[in-house]
Amino acid sequence: MNMRIRALLLLALVALTASAKDKTSYVFKRSSGGSHIRSSGSLDSILRIAKKWDGPFIWMQREDGRAYLIRDAATLDEAHAAFRDLDALHPKHEEIARRLRPFERRAEEIEEQMDAISDNDDADDVDRAKLRELRKKYRSMEEKARAVEQEMEDLEEKMDALEEIAEKRLDAIVDRAIRIGLAQRVD
């Protein structure tokens, strides 16, 4: 797996755990099969929660350790609406990721070729020339990918802002559901 993919996976994991500025965690599992998750703890524990109940639900654990489960359809509809703007950007995100994949595959191929030549202690002038040619191809490929990568970064920045707004709305939705008795304690 190339460094860019590893870095993106690491950033996703960090964003998942670091997005919780407080100790509140949640899983919003939608009927469409998608989920929104924020975890202040281990990724494994939050994934177990996501699989614990069938169908759509909101599970939220507050800073005080109290956990709540909400299955009320109207409350779930409100939560869905809170994430609507963010969800609308997912197809664009997938489309940009699809456009990036050929660059990532090609970069990985070139890196493997460069590594094979670099690892050869008996490299001759032909190998060194080939290595220079591969480095040039790699730089050219990076330049072509840069615009798509910038588009991805811009979109992810917008998505982060929308996620913050949606999470604030979800907090308020859960607070109200707790207050009016629509949330079941599950801690």
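Scanning region 100-126 for residues that are in a helix (DSSP H, G or I), without any contact (Cβ under 8 Å) to a residue 24 or more places away in the chain and out of contact with any helix residue (DSSP H, G or I) (no Cβ under 6 Å at 6 or more places or on another chain) gives ARG101, PRO102, ARG105, GLU109, GLU112, ASP115, ALA116, SER118, ASP119, ASP125, VAL126.
Looking only at region 36-73, filter to residues that are part of a strand (DSSP E or B) and among the aromatic types (Phe, Trp, Tyr); which one of those is nearest to TYR26 (Cα to Cα)? That would be TRP59. Looking at ALA161, ALA183, ALA116, ALA172, just one residue is among the hydrophobic types (A, V, I, L, M, F, W, C) and in contact with a Ser or Thr (Cβ under 9 Å, 6 or more places away or on another chain), and that residue is ALA183. Number of residues in region 128-152 that are in contact with a helix residue (DSSP H, G or I) (Cβ under 9 Å, 6 or more places away or on another chain), of a type outside the set (D, E, K, R) and either over 13 Å from MET114 (Cα atoms) or free of Cβ contacts under 8 Å to residues at least 12 places away in the same chain (or both) equals 4. All conditions but one from (1) closer than 21 Å to ILE165 by Cβ; (2) touching a Gly at 6+ places or on another chain (Cβ under 9 Å) apply to ARG62; the one that does not is (2).
Inspection of region 129-152 finds no residue satisfying the criterion of being within 15 Å of the chain's Cα centre (by Cα), at pLDDT 95 or above, of a type outside the set (Gly, Ala, Ser) and loosely packed, with under 15 Cβ neighbours inside 10 Å. Applying the condition of being in contact with a strand residue (DSSP E or B) (Cβ under 9 Å, 6 or more places away or on another chain), of a type outside the set (A, V, I, L, M, F, W, C) and farther than 13 Å from MET159 by Cβ to region 74-108 and asking which residue is surrounded by the most Cβ atoms within 10 Å (Cβ to Cβ) yields THR75.
The residues listed here are ILE173, ILE178; of these, the one that is touching a residue at least 40 places away in the same chain (Cβ under 8 Å), out of contact with any helix residue (DSSP H, G or I) (no Cβ under 8 Å at 6 or more places or on another chain) and at negative phi is ILE178. For the residues GLY33, GLY41, the requirement of being on the phi > 0 side of the Ramachandran plot and of a type in the set (Gly, Ala, Ser) singles out GLY33. Residues in region 82-99 that are without any contact (Cβ under 8 Å) to a residue 40 or more places away in the chain and among the hydrophobic types (A, V, I, L, M, F, W, C): ALA88 alone.
The values are calculated or read from the model by the stated rules, or taken from the named source; none is laboratory data. These numbers were taken from a predicted model, which means no experiment stands behind them. Cβ coordinates were reconstructed from backbone atoms using ideal geometry, including for glycine residues, and neighbour counts include every protein chain displayed.
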